[in-house]
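The values are calculated or read from the model by the stated rules, or taken from the named source; none is laboratory data. Remember, it's a predicted structure, so these values are computed and weren't measured experimentally. Glycine gets a Cβ as well: all are built from the backbone with ideal geometry, and neighbour counts include every protein chain shown.
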Amino acid sequence: MPDLSVYSPPVASPLARLVDDYLMACRARGLARSTIQGSYGYPLRGIFLPWCQANGYTELNQLNGRSMDAFSVHLLEDGGRNGRRLEKTSVHAYVRAVRGFLNWCEQEGEGKIARPVRIPEFSNTQSGVFVHISVGLVAA
């Protein structure tokens, strides 16, 4: 008789649980499901959380300005989930989604990043220039 074992689904990291809470808060604000899935859910669950996991970030207080710069550079140089080069508009949108999540975390008292998150600009006149957006992440 084959050995049987109980399947235990992987436990979501504290950071992944915060993302789920944030997406629920977006829904509670009345945002459309399609907006939540496309503008927030995919960038956070499909791009940001896998990058965090690959780099050992499982909790909000592990993130800082340098890690967020590394995330932006990763998107600019290595592309998205499938490794294809991303347009600057996509990188901008993904980092904005993360910034919105981090702002929400700060408002909820979960933590704050110490210095602003830099968002790559995508205008043709200033391509590759970083803009400071006021968000910080310091352990609460």
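Looking at GLY56, GLY41, can you tell me which residue is surrounded by fewer than 20 Cβ atoms within 10 Å (Cβ to Cβ) and at positive phi?
So the residue among GLY56, GLY41 that is surrounded by fewer than 20 Cβ atoms within 10 Å (Cβ to Cβ) and at positive phi is GLY56.
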_Cross-chain or 6+ apart pairs with Cβ under 8 Å, segment 55-72 first and more than 14 Å from ALA16 (Cβ to Cβ) and free of Cβ contacts under 8 Å to residues at least 24 places away in the same chain, then surrounded by 14 or more Cβ atoms within 10 Å (Cβ to Cβ) and of a type in the set (Phe, Trp, Tyr)_ = SER67/TYR57
*Filtered residues of segment 105-122 (kept if modelled with pLDDT of 85 or more and surrounded by fewer than 17 Cβ atoms within 10 Å (Cβ to Cβ))*: GLN107, GLU108, GLY109
*Checking ARG33 against (1) without any contact (Cβ under 8 Å) to a residue 12 or more places away in the chain; (2) within 18 Å of LEU63 (Cβ to Cβ), which test does it fail?*
(2)
*Just checking, how many residues over segment 3-35 are among the hydroxyl-bearing types (Ser, Thr, Tyr) and at pLDDT 85 or above?*
4
*Select from segment 11-48 the residues that are more than 14 Å from the chain's Cα centre (by Cα), among the charged types (D, E, K, R) and farther than 12 Å from GLY100 by Cβ and list them in ascending order.*
ARG27, ARG33
*Considering (1) assigned to a helix (DSSP H, G or I); (2) in contact with a Pro (Cβ under 9 Å, 6 or more places away or on another chain), say which one THR58 fails and leave the rest.*
(1)
